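The values are calculated or read from the model by the stated rules, or taken from the named source; none is laboratory data. Bear in mind the structure is a predicted one, so any value in this text is a computation, not a measurement. For neighbour counting, all protein chains shown are included, and Cβ atoms are generated from backbone atoms with ideal geometry for every residue, glycine included. To get the accessible areas, we keep the full protein, side chains included, count just its heavy atoms, and leave off ligands, DNA and RNA. Shrake-Rupley method; radii C 1.70, N 1.55, O 1.52, S 1.80 Å.
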Amino acid sequence: MFVKFILPALAEARSPAWRPVKYSLFPPLGLATLAAHLGPDDEAQLVDDHVERLDLDDVPDLVVIQVYITNARRAYAIADHYRAKGCRVALGGLHVTSLPEEAAGHADHVFLGPGEQTFPAFLADVRAGHPASRYVSTHGRTIQDLPPVRRELIRRNRYLVPNSIVVSRGCPRHCDFCYKDAFFAGGDGFYVQRVDAALAEIDRLPGRHLYFLDDHLLGNARFARELFAGMRGMNRIFQGAATVDSVLRGDLIERAAEAGLRSLFVGFETFSPANLRAGNKHQNLSRDYAAVARRLSDLGVMINGSFVFGMDDDGPEVFDRTVGWAVDHGVTTCTFHIQTPYPGTRLHDMLAAQGRITSHDWDEYDTRHVVYRPARLTAGQLLDGYHRAYRDFYRWSAIARAAGTHASARHRAKHLAYAAGWRKFEPLWDLVIRAHRLALATPVLEAVLSRVPEASGPTMKGAEQ
Ligand code: B12
């Protein structure tokens, strides 16, 4: 069987406003994970529409497409194109899981939830000649004892971070705006790899740098502690994501830094207790955000701070307040989001019940558009505030001020290089990406990331690798 795996480009990546580097970060790990279940005689091709031309003149036996809300329109067009040629089409991923009926109109087979168990079952049904039209992941979810990810299908030189990896799926938390509870409905919503298998997969990755795409790398403290203990001495540097609460709890974050953690995506989201309560994000309530920033700075771990604008307790002051706090507390990069009610989430259901959803154009569900009626802001104030926050946070003066908050000169230098590198050299990124020379930038990223604060406490002794 000739099987073609496609990650269609997300809407923004097809608009003039797009930032190529953002869409050349990570390869389609999910599809490379599914491809591992093919038979030895199957031919596989993996195409990422963000970084290479998608040729539609071929006739695969099976086309497997990953659908997010903002590539749904393109995914359906590609699916219709191939079905018109008699190719079998399978659709799956977050958007298919939240709106399976919509997707079913463009597919022979739809898949709900994680695919590690359903996809191999489907392949067996295809070989047996009786595949179903719908596969739903429920019990028995695991990422243990799976065939290794087909990384050879990935064009590594097209990505800044070819070494993306997940060692867990889901998250133990239940925030109302997040995709997680809807996507993992009907089964386990948080499960981990075996530590030895995770270390073996890390060992197979070339180079030093890797990026954990897990929703919550510190979500299972025992697993994380063993993983970090196993990574010590592997000469790796890595990035990942975790909650405010997990950074403050115990000494896991010190163990992570010793193992090579150099930047962390932290879900601060909002400073408002009313927003946190209303959004079921109790794990952030009465947590000392400033202590998180200080602790990570002292460990030489940069922060990518995630903030959501437009929750019901947000007024016009929220934008300057958030940017001011992030700069004063040495946050290195920020990901600002306009609150987005993804179908299937409790947030969506609440706003829909209140008749406050104003757009169903899925391309606009990219956290850069206002698709609902805010409570204490106009849609215009919210949109303008969002764009102003990015402008203000990434001004040279703001980058310098934020970098200046760190005690360590090395961390100040790393902060400056990383924040400016990420946001201030778009034309250079365009050039490198169009020349398919992005892999040249990875060692630079590694060099910047690998610096740790001088004279750090005993915990960091020997961490400078
Ligand atoms: C990598 C990534 C990106 C990449 C692109 C996606 C990619 N795959 O490379 C980039 C950097 C471009 C990106 C951008 C954004 N992202 Co993003 N991203 C992720 C991230 C961290 C990891 C995805 C991944 O590799 N997962 C690991 C692999 C193993 O799983 P998987 O890809 O989901 O695939 C599995 C299943 O989905 C399923 N499956 C998938 N496809 C198919 C197909 C078939 C046929 C079958 C059977 C199964 C199947 O099986 C696979 C194995 O289980 C996810 C977090 C997450 N948990 O998914 C967020 C996530 C998808 N992103 C999110 C968001 C909000 C964004 C941004 C808006 C952020 C921003 N402010 O800019 C932008 C999007 C902008 C836009 N234009 O829309 C949200 C999406 C919310 C939603 N409901 O859609 C997520 C879920 C983060 C979160 N926790 O909220 N992102």
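Observations on the structure shown:
- Peptides 194-203, 93-102 ranked from most to least packed by the mean count of surrounding Cβ atoms within 10 Å: 93-102, 194-203.
- As a length-normalised measure over Cα pairs under 8 Å and 6 or more apart, the relative contact order of the chain settles at 14 percent.
- Along the chain, counting only chymotrypsin sites (Phe, Trp or Tyr not before Pro) with a DSSP assignment other than H, G, I, E or B and at most 16 other Cβ atoms inside a 10 Å radius, the longest segment between sites is 19-270.
- Taking other residues whose beta carbon is less than 9 angstrom from the beta carbon of THR270, and scoring Lys, Arg as +1 and Asp, Glu as -1, yields -2.
- Placing unit charges on the Cβ atoms of the charged side chains and taking the dipole of the chain about its Cα centre, the candidate lying farthest along the positive direction among ILE154, PRO206, VAL301 is VAL301.
- Label point of GLU152 set 7 angstrom out along Cα-Cβ; within the stretch 37-66, amide nitrogens under 20 Å from it belong to 37-48.
- Where labels lie 7 Å past Cα in the beta-carbon direction, separation of PHE271 and LEU440 in nm: 4.3
- Length-normalised contact order of the stretch 2-136 in % [C-alpha pairs under 8 Å, at least 6 apart]: 24
- Within-13-Å neighbourhood charge of LEU252 [Cβ basis; K, R +1; D, E -1]: 0
- Label zone at ARG294 (point 7 Å along Cα-to-Cβ), backbone N below 18 Å, the stretch 251-279: 251-254
- Accessible surface ranking for ASP145, ASP349, 1.4 angstrom probe, highest first: ASP145, ASP349.
- Close amide H contacts of PHE2 (hydrogens built in the peptide plane, cut-off under 5 Å, sequence separation of 5 or more or a different chain): GLU43, ASP61, LEU62.
- Two-site FRET efficiency, LEU205 against ALA353, from Cβ-Cβ distance with R₀ of 51 Å, rounded to 0.05: 0.65
- Averaged per residue, the chain has 40 square angstrom of accessible surface, using a 1.4 angstrom probe with ligands and nucleic acids left out.
- Computing FRET efficiency as 1/(1 + (r/R0)^6) for ARG391 and SER306, where r is the C-beta to C-beta distance and R0 is 22 Å, gives about 0.75.
- Theoretical FRET efficiency, 1/(1+(r/R0)^6), r = Cβ-Cβ of ARG127 and HIS81, R0 25 Å, to 0.05: 0.45
- Cysteines not pairable in the chain (beta carbon separation under 4.7 Å absent): CYS87, CYS171, CYS334
- The count of lysine pairs in the chain that are at least 8 places apart or cross chains, and whose C-alpha atoms lie under 25 Å apart, stands at 8.
- Note on ASP42 and VAL136: the model spin-label points, each 7 Å out from Cα along the C-beta direction, lie 2.4 nm apart.
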